[in-house]
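The values are calculated or read from the model by the stated rules, or taken from the named source; none is laboratory data. The shown structure was predicted, so the numbers you read here are calculated from the model rather than taken from an experiment. With ligands, DNA and RNA removed, areas are computed over all heavy atoms of the protein, side chains included. Shrake-Rupley method; radii C 1.70, N 1.55, O 1.52, S 1.80 Å.
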Amino acid sequence: MSSISGSAIYPSNVGPHSKADSDLSFFSGPAAANAYLTADGKTSTLTFDWSYDSVYFQLGTGGWVTIDLNDPSVDVLDTVEKKSVFKSLLVYMISETKGDTSQVVQKHMASLTLLVESLS
């Protein structure tokens, strides 16, 4: 199964990889956006799914964490590493989506910002 966004085509379960020590990548579609951070040989993923009012996070190949944007909380991030990587991806996600003027994306900007602030 492939996902298509602009000119980017990638398998839906694999983020893009880089030869650099760390790399940030971003892809957006009609219902969600994905940010990937590749560092130390592992790729972590953050999906902002505005159609389901949620953020999904995976640190490397670990399990997925779901955060409901109608009641945002970072309590499910149970390690310093998860919190750090999640925050890095979330700040990147906000910077990449803040120019999207669609109402459905903009309604969640306050919740995304609140999540970043709760990790500071």
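Numbers for the structure displayed
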| item | result |
| --- | --- |
| Lysines whose Cα lies under 21 Å from that of Lys107, excluding same-chain neighbours fewer than 8 positions away | Lys87, Lys98 |
| The range 18-120, accessible surface, carbon-and-sulfur percent (1.4 angstrom probe) | 50 percent |
| Gained length - Ser73 relative to Gln106, 0.36 nm times residue gap less alpha-carbon distance | 10.0 nm |
| Whole-Hz ³J(HN,Hα) from phi, Karplus 6.51 cos²θ - 1.76 cosθ + 1.60, for the range 102-113, glycine and proline x | 5, 4, 5, 6, 4, 5, 9, 4, 5, 5, 5, 5 |
| Prolate/oblate/rounded label for the range 15-120 (Cα gyration tensor, a/c 1.5) | oblate |
